[in-house]
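Here's the structure, in structure tokens; my notes come after.
The values are calculated or read from the model by the stated rules, or taken from the named source; none is laboratory data. Computed from a prediction, not measured in an experiment: that's the story for all the values here. Positions of Cβ are backbone-derived with ideal geometry, glycine not excepted, and every protein chain shown enters the neighbour counts. Remember, those area values only see protein heavy atoms, side chains included, never the ligands or the DNA or RNA. Shrake-Rupley method; radii C 1.70, N 1.55, O 1.52, S 1.80 Å.
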Amino acid sequence: NGHSNGHSNGGAHRDSAPLDNIVVLHAKLASLICAIAALLFAYSSTGSNLPVEKRFWAFCAFEACVGAYYPVMGMLRGSLVPNEVRATLSSLFRMPLNIFVTVALMTGVSSARHLVFAGCSIGLVLASISCALILVKRGEDSASPSSSGENGNTEREHSYTD
């Protein structure tokens, strides 16, 4: 059709329909991983009333979710964020995390760690919902036949860069 898919990914995905399907699949995986991680993290950090062994294995399963999260997000980042801004954007998103960790360590948050863990679980739930509502819905909308323009080109070229 003469148009690129709007991303500088070295031409790895010339056809937008398979890319849309891959992006939607990975967005669904990311949402599921975050939801499962939230449940496991909440369970493993609920307190001393649960057996230590169960909390340990829940935390190990949470770490497995963290291990699955990075490749899925790496694929999404590679598909959705242009090469020209990817490093800058990744650095900007790491800055608040580093500030949060520094402040938490300096204030001695250990006395209220259950609140911090609850906040982390809530953050994972919000990440799961956001991923499902934004990426999955947007990807499915752009992959639907009704999103074709009048000249047969899909509107996917602009759907992730708005």
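Remark: the stretch 87-100, residue by residue, has Karplus-estimated 3J(HN,Hα) of 5, 5, 5, 4, 5, 5, 6, 7, 4, x, 4, 5, 5, 4 Hz, where x stands for each Gly or Pro and the curve is 6.51 cos²θ - 1.76 cosθ + 1.60 at θ = phi - 60°. Extension gain for MET95 to LYS137 (0.36 nm times residue separation, less C-alpha to C-alpha distance): 12.3 nm. Counting only protein heavy atoms and using a 1.4 Å probe, the accessible area of SER90 comes to about 30 Å². Spin-label pair ASN49-TYR70: with each label point 7 Å from Cα along the Cα-Cβ axis, the two points sit 3.6 nm from one another.
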